[in-house]
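What follows is a single structure, written as C-alpha cells, with notes after it.
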Amino acid sequence: MLFDTHAHYDDKRFDDDRDELLASMPENGVGLILNPGCDIETSKKAIEYAEKYSHVYAAVGIHPECIEEIELDSAMSELKTLALSSKRIKAIGEIGLDYYWVKEPELRAKQAELLRRQLALAKELNMPVIIHDRDAHADTLKIVEDFPEVKGVFHCYSGSTEMAKRLISLGYLISFTGVITYKNAKKAVEVVENIPLDKLMIETDSPYMSPEPFRGKRNSSLYVYRMAEAIANIKNIPLDEVINQTTENGKKLFNI
Ligand code: NI
C-alpha cells in the first residue's frame, strides 16, 4: 500500500473529478493520502476531505507564498483554532520559506516570523511539521534548528546530501516528488543514494510536479508509485520494500 504524503486536492484542477478520484485511490493501491493546507481556506478543504474519506488525512498551515496577504496575529489565532478542530489533522503544514517567489527583504523577514510562529504552534500541540524550502536552505535550516523538539518532513526536497544528513540528525524525514524521475535529477539521486530508506518518504505534490512519463500533465496520487520505482532503482532494492517502508515512515511520523 502506497502513502502519498503530500497532495493538494483543494486545487481547482480537481473540481471536475475530485470525489471520483479520491474514492478510487484504495483500489488503485494508494491506501493513504495526506492533504496539506496552504492558507486558512485550503486547510479547511483539507479537513473536509479527511472527514469524508478514511484514507485521507489533513494538515493545516500557511504557505510562505501567501505572506503578503497575511496578518500574523489573526492568521495564527485562526490556525490554532483550526488545528484543534479535528482528529483527522496530523501535522502543521505546509509551512516554510520561499525565496524563489518572494524576493523583497521585508517579506522574507515576515516569512521567517510566520515560520517561527507555526513551529512554535507545532511544539505546543505536539504535532509534526511539513516544511517547504525553496531556494532558502540555509535560513530554513537555521530556523528549524531553533525548535529541536519539533519533528517533521522536508517536502519536495531540493537541498544537498550534507543538509539532508543534518536534518535527519534533527529528527526530520526527507520526501521526494516526481523530480527524482527526471533525467537531470543528479542532486536528488545522490541524496537518495546516501540516505537510509527509513528516513525517506514519497509524495506527488499533486496537481504539480508530475513524474515521468506524465510530466506536464495534471498530477494525482495515482502516480505516486513512480517515486517508489525511482527509489527502488536508485538503491537497487525491491519495489515492495520501498513501498512498505515509505508507508511505515509516513504512518510513524504522522501518528496514523
Ligand atoms: Ni505542496
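Since every read-out is calculated from the coordinates, none of them should be taken as a lab result. Source: prediction; values computed, not measured. Ideal geometry is used to build each Cβ from the backbone, glycine not excepted, and the neighbour counts take in all protein chains shown.
With a threshold of 25 Å on the Cα-Cα distance, the over-threshold entries among LYS90/LYS199; LYS165/LYS235; LYS44/LYS151; LYS183/LYS251; LYS151/LYS183 are LYS183/LYS251; LYS151/LYS183. With point charges of +1 on the Cβ of Lys and Arg and -1 on the Cβ of Asp and Glu, referenced to the Cα centre of the chain, which listed residue (SER85, PHE176, HIS8) lies farthest in the positive direction of the dipole? Positive-most Cα among the choices belongs to PHE176. The mean sequence distance of close C-alpha pairs (under 8 Å, at least 6 residues apart), as a share of the length of the range 35-121, puts its relative contact order at 31 percent.
If R0 is 25 Å, the Cβ-Cβ spacing of ASP16 and LYS87 corresponds to a FRET efficiency of close to 0.25. Near LEU141, within a Cβ-to-Cβ distance under 14 Å, what is the net charge of the other residues, with Lys and Arg +1 and Asp and Glu -1? Charge balance near LEU141 sits at -1.
Per DSSP H run of at least 4 residues, take -39500 (n - 2.57); add these up for the chain, divide by its residues and hand me the 222 nm value, nearest 500 deg cm²/dmol. Please list the in-between numbers first.
Working: 9 runs with 106 residues, N = 256.
Result for the chain, helices only: -13000 deg cm²/dmol.
Can you tell me how much longer the chain between ARG218 and ALA23 gets when fully stretched, taken as 0.36 nm per residue apart minus their C-alpha distance, in nm with one decimal? Don't jump to the answer; show the numbers that get you there.
Details: separation 195, 0.36 × 195 = 70.20 nm, distance 1.77 nm.
Difference between extended and current length: 68.4 nm.
Taking chymotrypsin sites (Phe, Trp or Tyr not before Pro) as exposed when their DSSP state is a loop state and no more than 12 other Cβ atoms lie within 10 Å, the longest site-free interval of the chain runs over 102-256. Note on THR161 and ALA138: with the Förster distance fixed at 22 Å, the Cβ-Cβ geometry gives a FRET efficiency of about 0.90.
Using only the Cα atoms of the range 133-256, build the gyration tensor, take square roots of its eigenvalues as a ≥ b ≥ c, and label the shape rounded, prolate or oblate: rounded if a/c is under 1.5, else prolate if a/b is larger than b/c, else oblate. Please report the intermediate quantities before stating the final value.
Values: a/c = 1.58, a/b = 1.37, b/c = 1.15.
In terms of gyration-tensor shape, prolate.
Classify the range 164-209 as rounded, prolate or oblate from the Cα gyration tensor: take a ≥ b ≥ c as the square roots of its eigenvalues, call it rounded if a/c is under 1.5, otherwise prolate when a/b beats b/c and oblate if not. Taking the square roots of the gyration eigenvalues as a ≥ b ≥ c, the range 164-209 is oblate. Exposed loop positions in the chain were taken to be GluC sites (Glu not before Pro) whose DSSP state is not H, G, I, E or B and which have at most 14 other beta-carbon atoms within 10 angstrom. Between these positions, the longest stretch is 150-256.
Is the C-alpha gyration tensor of the range 94-186 telling us rounded, prolate or oblate? Criteria: a/c under 1.5 is rounded; beyond that, a/b larger than b/c is prolate, otherwise oblate. It comes out oblate by the Cα gyration axes.
Which length gain, in nm to one decimal place, applies between ASN236 and ARG116 when the Cα-Cα distance is subtracted from 0.36 nm times their residue separation? It would help to have the intermediate numbers written out before the result.
Values: separation 120, 0.36 × 120 = 43.20 nm, distance 3.89 nm.
Full-extension gain reported as 39.3 nm.
Among the trypsin sites (Lys or Arg not before Pro) in the range 24-94, those placed in a DSSP loop whose Cβ has at most 16 other Cβ atoms within 10 Å are LYS87.
Kirkwood radius for the range 185-256, taken over all pairs of different Cα atoms as the inverse mean of 1/r, rounds to 12.7 Å.
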